[in-house]
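Asks: Below is one structure. I have some questions about it.
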Amino acid sequence: MRRAFEHTGNPSAIHASGRTTRALVDNAREQVAKLVNAKMNDVVFTSGGSEANALALWGGVQGASDSATPVTRLLVSAIEHDSMLKTAEAVAERTGIELVTIPVNRDGILDLDALDLQVNIGHTLVAVMAANNETGVIQPIEEIASRARGANALLLVDAVQACGKLAVDFAALGADYLTISAHKFGGPQGAGALVMKPHAPFATLLPGGQEKGRRGGTENVIGIAGFGAAAESVAQDDVSQIGHLRERFETTLRLRLPEVVIFGEAMPRLVNTSNFAIPGIAAETAVISLDLDGVMISSGAACSSGKVQQSHVLKAMGVPRELASCGLRVSFGWNSNRSEIDAALAALDRLVARVRGRKAA
């Protein structure tokens with residue numbers, strides 16, 4: 001990214017400076033494409049995962065509207081990121097197509113029987129995340145993709161949380177659209193991508209000549225350069241160490257606090273995510289208290305953690321409101337270490353002792 005600062009030419013310009021900058025963008029496009037086993041021209045750079053989701057939903061529905069098989073229904077899982085859920089609501093409201101929410105079970109896994117009942121009605125666009133951003137629960141995405149393809153439905157896979165922690169293979173999935181974001185695997189904030197099949201229905205929301213006419217606006221060259229570098233780096237990373245840290249955290253937490261509830265514990269989860277609740281200790285209290293003690297955690301999705309409200313993910317999983325209000329999310333990264341884990345556990349011990357002491361008094 002520092003090197004990219006040296007090149008200020010517009011990547012759409014044909015002069016030497018523009019061509020040099022264009023080479024940086026194209027190199028990053030190739031790096032990102034390789035990470036998800038896509039073709040270079042399949043990658044459309046965006047400002048992040050939320051914009052990529054919006055482009056896919058609006059673009060897919062609008063692009064199909066002039067075809068022989070316009071989209072008549074949107075199917076989204078109940079645990080999708082707000083950028084998917086709220087955009088789907090807006091698309092359905094403005095276009096008049098039907099929006100159907102597919103439930104999940106108590107472990108946070110998509111109800112495949114419910115999907116089967118809905119996916120064959122009309123021409124559908126199915127939107128589902130590869131792994132949940134709050135619980136880390138990994139969806140049976142290959143099976144979901146197979147059922148969507150069998151029904152000739154369009155498929156949008158939100159791989160923002162999964163990419164960099166799981167192998168993501170766009171070609172093998174057979175999805176029409178896939179979204180990713182750089183900051184989820186060490187890249188800069190404000191850089192993402194929509195990966196799409198060459199002939200997938202699509203109508204741009206941002207007219208312009210950039211990104212082959214699929215997303216207007218001068219490219220964020222510096223962010224894109226960092227995106228590409230992170231994509232190349234994370235493809236070589238071994239994330240198992242992060243999993244060992246999470247296992248240490250959860251095992252010790254349960255030994256010290258047997259009453260703790262770890263959401264999605266029985267299911268395959270991303271190695272970097274732990275979502276748990278200590279009954280009787282409100283999430284808001286815990287987040288503030290731990291922050292004062294030097295430990296940074298959240299009470300749900302990062303984009304909504306400033307709000308005191310029940311997680312829609314835990315609600316969809318059937319978690320009682322009282323317990324869901326205690327839900328905390330811990331994320332581990334490539335630079336996390338055992339001393340930090342131990343410090344966080346010690347801070348939790350102090351928090352529990354203070355809360356219980358006050359209640360006893």
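The values are calculated or read from the model by the stated rules, or taken from the named source; none is laboratory data. Fair warning: this is a prediction, and the values are worked out from it, not measured in the lab. Backbone-built Cβ (ideal geometry, glycine too); neighbour counts: all protein chains shown.
Asks: May I ask you to list the residues in segment 310-328 that are in contact with a strand residue (DSSP E or B) (Cβ under 7 Å, 6 or more places away or on another chain), at pLDDT 95 or above and of a type outside the set (A, V, I, L, M, F, W, C)?
Replies: GLY327
Asks: Looking at segment 73-95, is at least one residue touching a strand residue (DSSP E or B) at 6+ places or on another chain (Cβ under 7 Å), among the polar types (S, T, N, Q) and at pLDDT 95 or above?
Replies: Checked against the condition, which is being touching a strand residue (DSSP E or B) at 6+ places or on another chain (Cβ under 7 Å), among the polar types (S, T, N, Q) and at pLDDT 95 or above, segment 73-95 yields at least one hit.
Asks: I would also like to ask the following. Identify the residue in segment 291-309 that is crowded, with 17+ Cβ neighbours inside 10 Å and closer than 17 Å to ALA347 by Cα and, among all such residues, is modelled with the lowest pLDDT.
Replies: SER299
Asks: I've got another one for you. How about segment 349-361: which of its residues are in a helix (DSSP H, G or I) and surrounded by fewer than 15 Cβ atoms within 10 Å (Cβ to Cβ)? Reasoning before the result, please.
Replies: The initial filter retains those residues of segment 349-361 that are in a helix (DSSP H, G or I), namely 349-360.
Of everything in segment 349-361, those that are in a helix (DSSP H, G or I) and surrounded by fewer than 15 Cβ atoms within 10 Å (Cβ to Cβ) turn out to be ASP349, ARG350, ALA353, ARG354, ARG356, GLY357, ARG358, LYS359, ALA360.
Asks: Out of segment 248-297, which residues are touching a residue at least 24 places away in the same chain (Cβ under 8 Å), in a helix (DSSP H, G or I) and not charged (D, E, K, R)? Explain how you work it out, then say what you get.
Replies: Step one: of segment 248-297, the residues touching a residue at least 24 places away in the same chain (Cβ under 8 Å) are 248-250, 252-253, 256-257, 261, 263-264, 266-287, 289-290, 293-295, 297.
With in a helix (DSSP H, G or I) added as a condition, the list becomes 248-250, 252-253, 256, 283-287, 289-290.
Result: PHE249, THR252, LEU253, ALA283, THR285, ALA286, VAL287, SER289, LEU290.
Asks: Return yes or no: is THR8 buried (at least 23 other Cβ atoms within 10 Å of the Cβ), touching a helix residue (DSSP H, G or I) at 6+ places or on another chain (Cβ under 8 Å) and of a type in the set (Ser, Thr, Tyr)? Steps first, please.
Replies: Working: buried (at least 23 other Cβ atoms within 10 Å of the Cβ): no; touching a helix residue (DSSP H, G or I) at 6+ places or on another chain (Cβ under 8 Å): yes; of a type in the set (Ser, Thr, Tyr): yes.
Answer is no for this residue.
Asks: Regarding ILE288, is this residue crowded, with 21+ Cβ neighbours inside 10 Å and over 25 Å from GLN139 (Cα atoms)?
Replies: So ILE288 does not fit the description; no.
Asks: Go through segment 78-95 and give me each residue that's crowded, with 18+ Cβ neighbours inside 10 Å, assigned to a helix (DSSP H, G or I) and in contact (Cβ under 8 Å) with a residue 24 or more places away in the chain.
Replies: Correct list: SER83, MET84, LEU85, THR87, ALA88, VAL91.
Asks: Could you figure out which of (1) under 27 Å from HIS183 (Cβ atoms); (2) modelled with pLDDT of 95 or more isn't true of HIS7?
Replies: Only one criterion is unmet by HIS7, namely (2).
Asks: If a residue must be buried (at least 18 other Cβ atoms within 10 Å of the Cβ) and over 24 Å from SER240 (Cα atoms), how many such residues does segment 269-281 contain?
Replies: Final tally of qualifying residues: 3.
Asks: Restricting to segment 111-143, name every residue that is under 25 Å from GLY96 (Cα atoms) and outside any loop (DSSP other than H, G, I, E, B).
Replies: Result: ALA114, LEU115, ASP116, LEU117, GLN118, VAL119, THR124, LEU125, VAL126, ALA127, VAL128, MET129.
Asks: How many of the residues in segment 324-348 are in contact (Cβ under 8 Å) with a residue 60 or more places away in the chain, surrounded by 16 or more Cβ atoms within 10 Å (Cβ to Cβ) and part of a helix (DSSP H, G or I)?
Replies: 4
Asks: Could you list all residues from segment 233-268 that are more than 28 Å from ALA353 (Cβ to Cβ), crowded, with 16+ Cβ neighbours inside 10 Å and not small (Gly, Ala, Ser)?
Replies: Once the filter is applied, which keeps residues that are more than 28 Å from ALA353 (Cβ to Cβ), crowded, with 16+ Cβ neighbours inside 10 Å and not small (Gly, Ala, Ser), segment 233-268 yields VAL234, VAL239, ILE242, MET267.
Asks: Here is a follow-up. Considering only residues of segment 34-77 that are assigned to a loop (DSSP other than H, G, I, E, B) and hydrophobic (A, V, I, L, M, F, W, C), which is farthest from ASP158 (Cα to Cα)?
Replies: Checked segment 34-77; the qualifying residue farthest from ASP158 (Cα to Cα) is ALA68.
Asks: Is there any pair with a first residue in segment 100-127 that is without any contact (Cβ under 8 Å) to a residue 60 or more places away in the chain and a second that is hydroxyl-bearing (Ser, Thr, Tyr) and surrounded by 15 or more Cβ atoms within 10 Å (Cβ to Cβ) whose Cβ atoms are under 6 Å apart and which are 6 or more apart or on different chains, and what are they?
Replies: ILE102/SER77; LEU110/SER77; GLY122/THR72; HIS123/THR72
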